[in-house]
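Everything on this sheet refers to the single structure shown next.
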Amino acid sequence: MNAMSQELPGLDRIRARFLHLQTARQADIAQYALLAWESDDADTKRLNLQAAQNTLHQIAGTAGSLGFREFGQTARKCEELIIKFFESAPSRHSVLMQEILTNLDAFVTESQNLISRSS
């Protein structure tokens, strides 16, 4: 990927834009997770988790092609946990929600580290 990134004109600008967007995206994901965690309403919980999943899906789909493979994998893992939550019985939601929050916390930390390393 490194050789390819040096050959493609404008990839550095796309990578910089991706990193710039990460600041807002990580805040959005953290907010969605918090709202889902705090809500007793199943629809509100679902809507916020769906919003987080959509954002994570965008990140996972783009990160690898920009040379951030591990970061993309972390986003994909969080996305898959949310999907698992949607597909699970309500009796499992509490346990899965804690797993989602733990992984989203790791994602946000990794996002902050990626942004710091790239600055």
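The values are calculated or read from the model by the stated rules, or taken from the named source; none is laboratory data. Bear in mind the structure is a predicted one, so any value in this text is a computation, not a measurement. For neighbour counting, all protein chains shown are included, and Cβ atoms are generated from backbone atoms with ideal geometry for every residue, glycine included. Heads up: the accessible areas ignore ligands, DNA and RNA and are worked out on the full protein's heavy atoms, side chains in. Shrake-Rupley method; radii C 1.70, N 1.55, O 1.52, S 1.80 Å.
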Within segment 88-103, residues among the small types (G, A, S) and assigned to a helix (DSSP H, G or I) come out as S91, S94
Unique match (being of a type in the set (A, V, I, L, M), in a helix (DSSP H, G or I) and touching a residue at least 40 places away in the same chain (Cβ under 8 Å)) among L47, L34, L21, L56 = L56
Taking segment 70-119 and keeping only residues that are over 15 Å from the mean Cα position of the chain (by Cα) and within 24 Å of L19 (Cβ to Cβ), one is left with S116, R117, S118, S119
Taking the stated definitions as given, is L81 open to solvent by less than 40 Å² (accessible area, probe 1.4 Å), in contact with a helix residue (DSSP H, G or I) (Cβ under 6 Å, 6 or more places away or on another chain) and at pLDDT 95 or above?
-> yes
From (1) open to solvent by 40 Å² or more (accessible area, probe 1.4 Å); (2) of a type in the set (S, T, N, Q); (3) in contact (Cβ under 8 Å) with a residue 40 or more places away in the chain, pick out the condition that doesn't hold for Q73.
-> (3)
Within segment 30-41, is there a residue that is in contact with a Lys or Arg (Cβ under 7 Å, 6 or more places away or on another chain) and among the hydroxyl-bearing types (S, T, Y)?
-> yes
Of the residues G67, G61, which single one is among the small types (G, A, S), open to solvent by 40 Å² or more (accessible area, probe 1.4 Å) and either closer than 20 Å to N113 by Cβ or in contact with a His (Cβ under 6 Å, 6 or more places away or on another chain) (or both)?
-> G67
Would you confirm whether any residue within segment 101-109 is open to solvent by less than 50 Å² (accessible area, probe 1.4 Å) and of a type in the set (D, E)?
-> no
Among the residues of segment 7-18, count how many are out of contact with any helix residue (DSSP H, G or I) (no Cβ under 7 Å at 6 or more places or on another chain), in a helix (DSSP H, G or I) and open to solvent by 60 Å² or more (accessible area, probe 1.4 Å).
-> 4
Quick one: would you say A106 is assigned to a helix (DSSP H, G or I), hydrophobic (A, V, I, L, M, F, W, C) and modelled with pLDDT under 95?
-> yes
